[in-house]
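> Here it is, the structure, as C-alpha cells.
Just so it is clear, none of the values below were taken in a lab; they were calculated from the coordinates. Everything quoted here is computed from the prediction, not taken from an experiment. Cβ placement follows ideal geometry from the backbone for every residue including glycine, while neighbour counts extend to all protein chains displayed.
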Amino acid sequence: MTLRLGIPSKGRLMDKTFDWFAARGLPMRRTGSDREYAAEVDGAEVELRLLSAGEIPRELAVGRIHLGVTGSDLVRERIPGWEQAVETLAPMGFGHADLVVAVPVSWVDVSTLDDLDAVAAEFRARHGYRLRIATKYHRLVREFLREAGVADYRLVDSQGATEATVAHGTAEAIADITSTGDTLKANGLKVLSDGLIHRSQATLWRAKRAEWGAGEREAMATLTRKLRLS
Amino acid sequence: MILKADIRAEAETLQAVFTRAGAVPVEAPLLLSADTLLDLYGEDIRARAYTTDDPDRGEMMLRPDFTVPVVEMHMANGADRPARYTYLGEVFRKQKAGSSRPSEYLQLGFELFGGEDPARADAEVFALFHEALKGLGLRPVTGDMGILLAAIEGLSTTPVRKAALRRHVWRPRRFRALLDRYTGRAPQPAGRIELLERVAAKGVDAVLDAAGPESGLRSRAEVAARIEKLRADASTPPIARAEAEVLTAILSLKAPLPDACEQLRDMSVDLPALGPAAERFADRIDALAEAGLEPTELPFEASYGRTTMEYYDGFVFGFLAPARADLPPVASGGRYDALTAIMGRGQGIPAVGGVIRPEVVHGLRAGGRS
C-alpha cells in the first residue's frame with residue numbers, strides 16, 4: 001500500500017526535508033516532470049505530495065495525506081483541536097522559529113506580559129480603542145494572552161511584513177515568528193521576557209484521520225523501522 | 001433524534017412563566033456589530049462567536065447571546081423606564097473541536113430593567129427561574145460579585161491598585177497574581193526594579209533617549225507617565241495581610257445563604273467596607289423568602305460566576321443538573337448594572353436577568369442525552 005506524504009513544495013524547507021529523509025536511508029528520487037517526486041522504502045511505497053506549507057496542516061487534518069512535514073506553529077494555529085487530528089512522529093531539527101510577542105523598544109516601561117496588560121488598559125482609556133497587536137497567528141496568540149490574563153487588546157490581521165506595522169501606525173505591538181531577532185531589532189522592536197508563545201520547528205506528523213487499513217499500517221511499520229522513529 | 005420543533009414547544013411552555021409575570025416578548029437581530037461585542041467582551045469573543053462580513057457595515061457576528069441586543073433596544077427607547085422582557089431564539093457559539101455541544105441552539109431569556117428595590121428585583125428573577133424549572137431536580141447555586149467588588153473597594157490601598165484588581169476580578173489567576181504582589185508575597189515583575197533604578201540614577205529623559213526612537217502611537221509622554229506611576233506604586237506600602245485574608249476567605253466562602261450572610265457580617269469587622277454589601281445580601285435573603293423560597297436551602301458560593309460570566313457585577317445564579325457534569329448549566333443569570341452604564345455611555349439602568357437552555361431541559365425531561 002502507498003502512504004501519501006505531504007512535504008513543502010519549495011525552498012529551504014523542501015531541501016532540508018529531502019536531506020532529512022536521505023540521511024535516514026530514504027532518498028527521494030525525482031520521477032517524471034519537475035513537479036513529480038516519488039520515494040520507495042523496501043517494499044513499502046511512499047508517494048510524495050508537494051504542497052505549499054499552508055496546505056499541509058489542512059491536508060493532515062482531514063486525512064488526505066497519511067504523513068506530512070510542516071512547522072509545529074502552523075499545525076497548532078490551523079488545526080482546531082490539533083492533538084486529536086495529528087500525532088508528532090519526529091521533530092526534524094530545522095526550520096526553527098519562535099513565535100513571540102514584541103513591543104517597541106521605546107516602551108522602556110514594558111518588559112513582561114504583566115506590563116503589556118497594564119499598558120493596554122491605559123491605552124484604551126486614553127485613546128478610546130483597544131491596543132492593537134498585529135499577527136497572522138490569531139488562535140495561538142489569543143489563547144496565549146488569555147492564559148496570561150492580558151485584556152483590552154485587539155488582534156489585527158497581518159499576513160506579511162508584520163514587523164513594519166508598528167512603524168506604519170497600524171498596530172502598537174506584534175506577535176510574529178522570528179529566528180534570529182534581527183528583523184525585530186531593525187524595526188525597533190523587542191521581545192517581552194515572558195513573550196515566547198511557541199518554539200516551532202519542522203516536524204513529521206501522522207494524520208490520525210487518514211485511512212489506516214492493514215496495508216497502510218504495514219507500510220507505516222516498515223517506514224518507522226527505516227526512519228528509527230520509535 | 002430530538003426534533004427542533006419539540007425543543008421549541010418545550011421553550012414556549014417555559015416562556016409562559018415569564019409572560020404570565022408580565023414580560024413583553026421581544027425579538028433581536030441575528031447579525032450584531034462585532035465592534036460592540038468586542039469592546040464589551042474582548043478578543044476572546046472571537047473564539048466563541050461566528051464572524052462574518054457585511055460589505056457596508058463591516059465585521060458582524062452571529063448573535064452569541066441576547067443580552068447585548070436587548071439592552072441596546074431598551075436603551076434606544078429611553079433607558080430610565082422599568083421594563084420586563086422575554087425572548088426566545090437561536091444563538092450561535094463555536095464549540096471546541098470534537099465537542100458534542102450544539103453550536104446553534106435556542107436561548108430563552110428574561111430580563112428585568114429598573115426596579116427601585118434591587119433585592120426584590122433579584123428575588124423576582126430568581127423565583128421565576130426556580131418556578132419555570134421546578135420538577136427537574138436541578139441544583140440551584142447563587143453568588144454575588146458585588147461582595148468581592150465591595151471588598152476590593154474597601155482595601156487600604158491606592159486607587160490604581162484597586163482598579164487593577166477590579167479589572168481582573170473575572171480572571172482568577174491574574175487576580176491572585178496581582179494580589180500576591182500587592183501584599184508583598186510575590187516579587188515585582190522582572191525588569192521593573194532595574195528600570196526604576198536606572199530612572200533614579202539617570203532621570204526619565206535620559207532613559208527614554210537611550211532606548212531609541214519612538215515608534216507607534218503610544219507616545220513618549222505616555223511612557224513617561226507610566227514610569228511615574230510605577231515609581232509611585234513601588235513606594236506604596238503593601239496591602240495588610242489581614243485585609244488580603246478577608247479577600248481570600250470571601251473567595252472560598254460556600255454556605256447556605258443565611259450562614260453565608262453571618263460569615264460576611266463577621267468579616268466586615270476586619271473590612272468595614274463589606275458592611276453595606278453584607279446588608280444588601282441580607283435584604284436579598286429577605287426578598288427571596290418573601291418570594292416563597294426557603295433561603296436555608298439555597299447555596300451560596302462567592303466564586304460562582306467568576307470565570308464564565310464576565311459582565312455580571314452583583315447577584316448571580318445558576319441551575320445545574322446534579323448527575324450530569326457533561327451538561328452546561330441549564331440556566332444562568334445575574335445582575336449587570338455596569339454593562340448598561342457602559343452601553344449607555346454613562347447613563348445606566350439597574351438590570352438583572354437570565355437565560356434557560358431549552359434543549360437541555362428537553363433532554364432532561366425525555367430522560368435521554370440532549
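> If you restrict to DSSP beta bridges whose two residues both lie in segment A:92-230, what percentage is antiparallel, to the nearest 5?
Numbers: 12 of 19 bridges.
Restricted to segment A:92-230, the bridges split so that about 65 percent are antiparallel.
> Which residue, B:Ala273, B:Ala83, B:Ala211, has the most motion in a Gaussian network model of chain B that connects Cα atoms within less than 10 Å?
Top of the fluctuation ranking is B:Ala211.
> Just tell me how shielded B:159-165 is by partners: mean number of partner chain Cβ atoms within 10 Å of each residue's Cβ, no decimals. Present the calculation step by step, with values, prior to reporting the outcome.
Values: counts 0, 1, 0, 0, 2, 3, 0.
What the average comes to for B:159-165 is 1.
> Another question, if that's okay. Along the charge dipole of segment A:97-200, pointing to its positive end and built from +1/-1 on Cβ of Lys, Arg, Asp and Glu, which listed residue (A:Tyr153, A:Ile197, A:Thr178) has its Cα farthest out?
A:Tyr153
> Any idea what the relative contact order of chain B is, in percent, if you count C-alpha pairs under 8 Å spaced at least 6 apart?
Values: 555 pairs, mean separation 84.7, N = 370.
Relative contact order of chain B: 23 percent.
> Give me the extension gain from B:Ala5 to B:Ala97: residue separation times 0.36 nm, minus the current Cα-Cα distance, reported in nm with one decimal.
Result: 30.4 nm gained on full extension.
> Compute a Gaussian network model of chain B, connecting alpha carbons closer than 10 Å, and tell me which residue from B:Ala282, B:Ala11, B:Ala224 fluctuates the most.
B:Ala224
> When the Cα centres of segment B:80-130 and segment B:226-257 are compared, how far apart do they sit, in Å?
Centre-to-centre distance over Cα atoms comes out at 33 Å.
> Here is a further query. What's the angle, to the nearest 10 degrees (0 to 90), between helix B:241-251's Cα axis and the longest principal axis of chain B?
20 degrees
> Oh, and also: Just the ratio, please: alpha-carbon radius of gyration of segment A:97-200 over 2.2 N^0.38 Å, N its number of residues. Don't skip to the end; give the middle numbers.
Working: Rg = 12.2 Å, N = 104, 2.2 N^0.38 = 12.8 Å.
Rounded to two decimals, the normalised Rg is 0.95.
> Could you tell me whether segment B:105-168 comes out rounded, prolate or oblate from its Cα gyration tensor? Rule is a ≥ b ≥ c as square roots of the eigenvalues, rounded for a/c under 1.5, then prolate if a/b exceeds b/c, otherwise oblate. Working shown, then result.
Values: a/c = 2.63, a/b = 2.23, b/c = 1.18.
It is prolate, given that a/c is not under 1.5 and a/b is the larger ratio.
> Beyond 23 Å between alpha-carbons counts as too far, so tell me which of A:Lys136/B:Lys162; A:Lys136/A:Lys185; A:Lys136/B:Lys94; A:Lys16/A:Lys136; B:Lys162/B:Lys202; A:Lys208/B:Lys96 fall in that bin.
Details: A:Lys136/B:Lys162 35 Å; A:Lys136/A:Lys185 20 Å; A:Lys136/B:Lys94 20 Å; A:Lys16/A:Lys136 25 Å; B:Lys162/B:Lys202 31 Å; A:Lys208/B:Lys96 18 Å.
In this structure, A:Lys136/B:Lys162; A:Lys16/A:Lys136; B:Lys162/B:Lys202 exceed 23 Å between Cα atoms.
> Roughly how large, in nm² to one decimal, is the mean projection of the convex hull of the alpha-carbon atoms in segment A:130-183? Walk me through the numbers on the way to the answer.
Details: hull surface 15.3 nm².
Average projection, Cα convex hull of segment A:130-183: 3.8 nm².
> Just report the Cα centroid separation between segment A:205-230 and segment A:84-98, whole Å.
Spelled out, the Cα-based centre of one part sits 16 Å from the other.
> If you plug each phi of segment B:227-239 into the Karplus form 6.51 cos²θ - 1.76 cosθ + 1.60 with θ = phi - 60°, what whole-Hz ³J(HN,Hα) values come out, in order, with x for Gly and Pro?
4, 4, 4, 5, 5, 5, 5, 5, 9, 7, x, x, 5
> Along the charge dipole of the protein assembly as shown, which of B:Tyr311, B:Pro328, A:Phe144 sits closest to the positive end, that is, farthest toward it, with unit charges on the beta carbon of Lys, Arg, Asp and Glu (+1, +1, -1, -1)?
Projecting each Cα onto the dipole axis, the largest value belongs to A:Phe144.
> Now a separate question. Pulled fully out, how much extra length does the chain show between B:Asp54 and B:Lys254, if you take 0.36 nm times their separation in residues and subtract their Cα-Cα distance? Present the calculation step by step, with values, prior to reporting the outcome.
On the way: separation 200, 0.36 × 200 = 72.00 nm, distance 4.71 nm.
Fully extending the segment from B:Asp54 to B:Lys254 adds 67.3 nm.
> Give me the orientation-averaged projected area of the Cα convex hull of segment B:158-239, in nm², one decimal. Present the calculation step by step, with values, prior to reporting the outcome.
On the way: hull surface 25.1 nm².
The orientation-averaged projected area of the Cα hull of segment B:158-239 comes to 6.3 nm².
> Below 8 Å, C-alpha to C-alpha, sequence gap of six or more: please give me the relative contact order for chain A in percent. Walk me through the numbers on the way to the answer.
Working: 447 pairs, mean separation 70.1, N = 230.
Relative contact order for chain A comes out at 30 percent.
> If you wrap the protein assembly as shown's Cα atoms in a convex hull and average its projection over all directions, what's the area in nm²?
Details: hull surface 129.0 nm².
It is 32.2 nm².
> Add -39500 (n - 2.57) for each DSSP H run of 4 or more in chain B, then divide by its residues: what number comes out at 222 nm, to the nearest 500 deg cm²/dmol? Don't skip to the end; give the middle numbers.
Numbers: 16 runs with 172 residues, N = 370.
Helix contribution divided over all residues of chain B: -14000 deg cm²/dmol.
> Related question: If one puts a single equal scatterer on every Cα of segment A:140-230 and applies the Debye formula without solvent, what log₁₀ I(q)/I(0) results at q = 0.11, 0.21 Å⁻¹?
-0.55, -1.08
> Let me ask something else about it. Counting other beta carbons within 10 Å of each Cβ, put B:Glu297, A:Glu218 in order, fewest first. Spell out each step's value before the answer.
On the way: B:Glu297 9, A:Glu218 13.
Taking fewest neighbouring Cβ atoms as first place, the list is B:Glu297, A:Glu218.
> Where the centre of each part is set by its Cα atoms, how far does segment B:341-366 sit from segment B:1-42, in angstrom?
With segment B:341-366 and segment B:1-42 each reduced to a Cα centre, they are spaced 9 Å.
> Nearest 20 debye, what's the magnitude of the dipole of segment B:158-239 about its Cα centre given +1 on Lys and Arg Cβ and -1 on Asp and Glu Cβ? Before the final figure, lay out each step's value.
On the way: 18 positive and 9 negative charges, 140 e Å.
Result for segment B:158-239 is approximately 680 debye, rounded to the nearest 20.
> A follow-up question, please. Compute the helix-to-body angle for B:274-290: its Cα long axis versus the longest principal axis of chain B, expressed 0 to 90° and rounded to tens.
Helix B:274-290 sits at roughly 0 degrees to that axis.
> Could you work out which residue, out of B:Gly314, B:Gly109, B:Gly89, moves most in a Gaussian network model of chain B, that is, has the largest mean-square fluctuation with Cα springs under 10 Å?
B:Gly89
> At R0 = 41 Å, how high is the FRET efficiency between B:Glu228 and A:Glu87 if r is their beta carbon distance? Nearest 0.05 is fine.
On the way: r = 52 Å, r/R0 = 1.28.
Approximately 0.20, to the nearest 0.05.
> Ok, one more. Give me the percent of Cα-Cα pairs in chain B that sit more than 28 Å apart, rounded to a whole number.
Every Cα pair in chain B considered, those over 28 Å come to 53 percent.
> Would you order B:Thr340, B:Thr19 from fewest to most other beta-carbon atoms within 10 Å of each residue's own beta-carbon? Provide the component values of the computation, followed by the final result.
Numbers: B:Thr340 21, B:Thr19 14.
Neighbour counts put them in this order, fewest first: B:Thr19, B:Thr340.
> Let me ask you something else. Quick one: 3J(HN,Hα) in Hz for segment B:80-96, Karplus 6.51/-1.76/1.60 with θ = phi - 60°, rounded, Gly and Pro as x.
Those phi angles translate into 8, 9, x, 7, 10, 10, 10, 9, 8, x, 6, 10, 10, 9, 5, 10, 4 Hz.
> With +1 assigned to the C-beta of every Lys and Arg and -1 to the C-beta of every Asp and Glu, and no other charges, what is the dipole magnitude of the protein assembly as shown about the Cα centre in debye, to the nearest 20? If you can, show how the numbers build up before the last one.
Numbers: 78 positive and 84 negative charges, 351 e Å.
With Lys and Arg at +1 and Asp and Glu at -1, about 1680 debye.
> Can you check how the C-alpha radius of gyration of segment B:122-201 compares to 2.2 N^0.38 Å, as a plain ratio?
Ratio of Rg to 2.2 N^0.38 Å for segment B:122-201: 1.74.
> While we're on this one: With a cut-off of at most 13 other beta carbons within 10 Å, and DSSP calling the residue loop, which trypsin sites (Lys or Arg not before Pro) in segment A:58-166 qualify? Please list them. Before the final figure, lay out each step's value.
Details: sites: A:Arg58, A:Arg64, A:Arg76, A:Arg78, A:Arg124, A:Arg126, A:Arg130, A:Arg132, A:Lys136, A:Arg139, A:Arg142, A:Arg146, A:Arg154; in loops: A:Arg64, A:Arg130, A:Lys136.
Within segment A:58-166, no trypsin sites (Lys or Arg not before Pro) qualify (loop, at most 13 other Cβ atoms within 10 Å).
> In debye, nearest 20: dipole of segment A:76-163 around its Cα centre with unit charges on the Cβ of K, R (+) and D, E (-)? List each step's numbers first, then the result.
Values: 11 positive and 14 negative charges, 86 e Å.
Computed charge dipole of segment A:76-163: roughly 420 debye.
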